[in-house]
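Below is one structure; the comments refer to it alone.
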Amino acid sequence: MTGPRRRWWFISMKKLGLAFLIMAMTGCVTTEYSWGPYEQGLYDYYKKPESGNEFLAELEVHVASIREGGAKPAPGLLAEIGTLYLERNDTQSAIKYYEYERDTWPESRPLMDSLIKNLSDNASKG
Amino acid sequence: MKYLLVLVALIMTGCAAQQKSIDWSAYESADPKSILIVPVVNNSLDVDASNYMLSTLSVPLAESGYYVYPVNTVKVILEQEGFYEAEQVHRSDSVSLAEMFSADAILYVTIQRWDAKYILLSTSVTVQFDYLMVDSEGTEIWKAEKTMVYTPQSSNSGNPLVDLIAMAVNAAMTKAAPNYMPLARSANQQVMVMEKTALPAGPYTKSEE
């Protein structure tokens, strides 16, 4: 009886050690948000602006999966998608994502409201 | 078991925030909930460094519990307002900048160094940053600076010729494509999360939700 038990204990200690190691390597903090492709994608976008379409598509898939899971996308992610759409002249999608950001993060409300207002005004003029 | 203890000790010494000799009164009275990260001023010779650095700042601040304005959106808005250079943004009035975005605080980051030096058989990569946060009245509430240097470890195979070749290859590779990003990220992590300048937890932290 004691043989298998001890072995089980040994394996779990190993796993625990591995978990600690992973925690230490990943910066030892549990993260508040799932950032997905954001940080690396933004770097790539600045390095190669032609990667913008890919960045937009990846971010959109990422926030969709977070929203389906009922969690809040990280601060700013939804607005960044809006801006990438705006740069591709898709004003309607830009407004949609600025609204998502505004409704997710109260701090963003004044800025998002003025962006949405400007875009709607321009759209109705055009 | 022993290596587990070593790991735990490493983690504890690596992550403990040491709060000492820093005057937090201005920060506490400002009590920022939202932080505007403006484009980064670049005093290095690498023209791309400013944008690259900008991409690393949102995550550590948001993970500390703050609402962080979308950095690329902010950059695009500022450009549309005629602020094409980060220097212009840093020189402009903080109060009206904070008002424009309704931000509680503004983070200004300046790159002092972002370079790779090739010295015979080793290459050392250095980044150096100044961080300054002001509240919506323009009062300085937080300040930090960080220098990070990376020099590839010399290998030791016991064969001096093999080692020399390995070092030369290593140095050449580092020089051809120096990887600044892990250094930049760890500089941010150290000043914002780990060291005595670590920011107090913002309103969006797990413990408060």
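The values are calculated or read from the model by the stated rules, or taken from the named source; none is laboratory data. Predicted model, so just to flag it, every value in this text is computed and none were measured. Note that we place each Cβ from the backbone using ideal geometry, even for glycine, and neighbour counts take in every protein chain shown. We work out accessible area using only protein heavy atoms, side chains counted, and drop any ligands, DNA or RNA first. Shrake-Rupley method; radii C 1.70, N 1.55, O 1.52, S 1.80 Å.
Among the candidates B:Thr73, B:Thr56, the residue that is open to solvent by less than 10 Å² (accessible area, probe 1.4 Å), facing another protein chain (nearest Cβ under 9 Å), out of contact with any Ser or Thr (no Cβ under 9 Å at 6 or more places or on another chain) and within 23 Å of B:Asp104 (Cβ to Cβ) is uniquely B:Thr56. Restricting B:Ala49, B:Ala62, B:Ala105, B:Ala116 to residues that are in contact with a Lys or Arg (Cβ under 8 Å, 6 or more places away or on another chain) and hydrophobic (A, V, I, L, M, F, W, C) narrows the list to B:Ala116. Across segment B:35-50, the number of residues qualifying as under 23 Å from B:Gly82 (Cβ atoms) and either acidic (Asp, Glu) or free of Cβ contacts under 8 Å to residues at least 24 places away in the same chain (or both) comes to 2. B:Glu81 - would you say it is open to solvent by 20 Å² or more (accessible area, probe 1.4 Å), free of Cβ contacts under 8 Å to residues at least 40 places away in the same chain and not hydroxyl-bearing (Ser, Thr, Tyr)? The answer is yes for B:Glu81. Can you name every residue in segment B:76-99 that is more than 9 Å from every other protein chain (Cβ to nearest Cβ), in a helix (DSSP H, G or I) and in contact with a helix residue (DSSP H, G or I) (Cβ under 8 Å, 6 or more places away or on another chain)? Result: B:Leu78, B:Ala86, B:Val89, B:Leu97.
When segment B:28-52 is limited to residues that are within 11 Å of chain A (Cβ to nearest Cβ) and in contact with an Asp or Glu (Cβ under 6 Å, 6 or more places away or on another chain), the one that is surrounded by the fewest Cβ atoms within 10 Å (Cβ to Cβ) turns out to be B:Lys33.
Among residues of segment A:81-108 that are facing chain B (nearest Cβ under 10 Å) and over 13 Å from A:Leu119 (Cβ atoms), those with a beta-carbon under 6 Å from a residue that is among the hydrophobic types (A, V, I, L, M, F, W, C) and assigned to a helix (DSSP H, G or I) at least six positions away or on a different chain give the pairs A:Ile81/A:Leu59; A:Leu84/A:Leu56; A:Glu101/A:Leu78; A:Glu101/A:Ala79; A:Glu101/A:Met112.
Do we have A:Ser65 as surrounded by fewer than 17 Cβ atoms within 10 Å (Cβ to Cβ), more than 9 Å from every other protein chain (Cβ to nearest Cβ), without any contact (Cβ under 8 Å) to a residue 60 or more places away in the chain and touching a Phe, Trp or Tyr at 6+ places or on another chain (Cβ under 7 Å) here?
So A:Ser65 does not fit the description; no.
Every residue, every condition in (1) open to solvent by 30 Å² or more (accessible area, probe 1.4 Å); (2) under 20 Å from the mean Cα position of the chain (by Cα); (3) under 21 Å from B:Val47 (Cβ atoms), yes or no:
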{"residue": "B:Ser96", "(1), (2), (3)": "yes, no, no"}
{"residue": "B:Ile106", "(1), (2), (3)": "no, yes, no"}
{"residue": "B:Arg113", "(1), (2), (3)": "yes, yes, yes"}
{"residue": "B:Tyr118", "(1), (2), (3)": "yes, no, yes"}
{"residue": "B:Phe129", "(1), (2), (3)": "no, yes, yes"}
{"residue": "B:Ala144", "(1), (2), (3)": "no, yes, no"}
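B:Leu164 passes every criterion in (1) at pLDDT 95 or above; (2) surrounded by fewer than 19 Cβ atoms within 10 Å (Cβ to Cβ) apart from (1).
Of the residues making up segment B:102-117, at least one is away from chain A (no Cβ under 13 Å), touching a Ser or Thr at 6+ places or on another chain (Cβ under 8 Å), basic (Lys, Arg) and under 19 Å from B:Arg185 (Cβ atoms).
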